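I have placed the structure first, in the form of structure tokens, so that the comments after it can refer back to it.
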Amino acid sequence: MTDQIPSEPSANAASNQGIVTRRRALMMGAITASAVVSIKPALAQTAGSVLNCEIPVPGNNAAGGYIAADGSVVSADTPGAFPPAGRNFSGEEVRQAMNGRTLPGTSYDQSEAYVNYIRRLQAGQSGFTCYASLQMPR
Amino acid sequence: MSDQNFRLSTMTPKYRAGPKDDLIWHELDSMTLLFHRPSGNTHMLADPAPALLEVMDSGLLTAAEIATRLKARFDVESGADTDDIISARLEELAALGLIAREAG
């Protein structure tokens, strides 16, 4: 048998020495065929819409609850607690608040309390996905 | 070096892979998952992309140098435009931030 197997030249050469080594065959695809598909994390969305996602303060599961200075949700008669925000904050507004600005329509202390509430958000709570997406490295 | 040769050499792009520790690989049956730590992004890679990253060690490499390494380590499917395909895939990896592209 003198026919060579065209796809395994390395194996034929090595087999002459009593060993068989095979390099893995590598498919190259077409020049226009992309070889990488990026998985976009659901919580990151696109660069533009991340900053437009919204965070309610407090979320639906604590509707009507007041926000203490440390961000915990407390009853309305708790001294020093702030009322619900009455509006959702966008990811961009929260990002700026975490960088020193106050949330729109709030006093400094109120904004601090709301931001602390947001920092405490856990998976499953309204706004967590939006908040988490602010943390994604770019 | 003549002016023309200098210009040609500076036009040849070179590619640099990041530290291997930046990447977490997971093989699936028909594709490879790659988590890129610096960006937090996950990518699905089909051949020849994983192989390209595998042969790129440290240093700046041209597409031709990478092609040579690839053919040494793998039994590359033969074709007239293999080198062009390698260049196209390297550009794709660079656009995704998985490798760096620098002017030669």
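Residues are listed down the side, and each one gets a yes or a no for (1) within 27 Å of B:Phe35 (Cβ to Cβ); (2) modelled with pLDDT of 85 or more; (3) open to solvent by 40 Å² or more (accessible area, probe 1.4 Å); (4) not in a helix (DSSP H, G or I):
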| residue | (1), (2), (3), (4) |
| --- | --- |
| A:Glu93 | no, yes, yes, no |
| A:Gln96 | no, yes, yes, no |
| A:Leu103 | no, yes, no, yes |
| A:Thr106 | no, yes, no, yes |
| A:Ser111 | no, yes, no, no |
| A:Tyr117 | no, yes, no, no |
| A:Gln122 | yes, no, yes, yes |
| A:Ser133 | yes, no, no, no |
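Would you mind listing the helices (runs of 4 or more DSSP H) fully within region B:1-89 where at least 1 residues are facing another protein chain (nearest Cβ under 9 Å) and modelled with pLDDT of 90 or more?
The qualifying helices (runs of 4 or more DSSP H) are B:49-55, B:63-73.
Within region B:94-104, take every residue that is more than 7 Å from chain A (Cβ to nearest Cβ) and not in a strand (DSSP E or B) and give me the one that is farthest from B:Leu53 (Cα to Cα).
Filtering region B:94-104 for residues that are more than 7 Å from chain A (Cβ to nearest Cβ) and not in a strand (DSSP E or B), the one farthest from B:Leu53 (Cα to Cα) comes out as B:Gly104.
If you go through region A:88-100 one residue at a time, do you hit one that is within 17 Å of the chain's Cα centre (by Cα) and of a type in the set (Gly, Ala, Ser)?
Looking for residues that are within 17 Å of the chain's Cα centre (by Cα) and of a type in the set (Gly, Ala, Ser), one finds at least one in region A:88-100, hence yes.
For region B:57-65, check the following and say yes or no: at least one residue is in contact with a helix residue (DSSP H, G or I) (Cβ under 6 Å, 6 or more places away or on another chain), open to solvent by 10 Å² or more (accessible area, probe 1.4 Å) and under 19 Å from A:Gly29 (Cβ atoms).
Yes; the residues of region B:57-65 include at least one that is in contact with a helix residue (DSSP H, G or I) (Cβ under 6 Å, 6 or more places away or on another chain), open to solvent by 10 Å² or more (accessible area, probe 1.4 Å) and under 19 Å from A:Gly29 (Cβ atoms).
Against the conditions (1) open to solvent by less than 60 Å² (accessible area, probe 1.4 Å); (2) more than 18 Å from B:Asp21 (Cβ to Cβ); (3) among the β-branched types (Val, Ile, Thr), where does B:Thr68 fall short? Just the number, please.
Among (1) open to solvent by less than 60 Å² (accessible area, probe 1.4 Å); (2) more than 18 Å from B:Asp21 (Cβ to Cβ); (3) among the β-branched types (Val, Ile, Thr), B:Thr68 violates only (1).
Looking at (1) buried (at least 17 other Cβ atoms within 10 Å of the Cβ); (2) touching a residue at least 12 places away in the same chain (Cβ under 8 Å); (3) not acidic (Asp, Glu), find the lone condition where A:Asn60 falls short.
(1)
The values are calculated or read from the model by the stated rules, or taken from the named source; none is laboratory data. The structure presented is a predicted model; accordingly, all values stated were derived computationally and were not measured. Cβ coordinates were reconstructed from backbone atoms using ideal geometry, including for glycine residues, and neighbour counts include every protein chain displayed. Ligands, DNA and RNA are stripped out before the accessible areas are found, and what is left, the full protein with its side chains, is counted by its heavy atoms. Shrake-Rupley method; radii C 1.70, N 1.55, O 1.52, S 1.80 Å.
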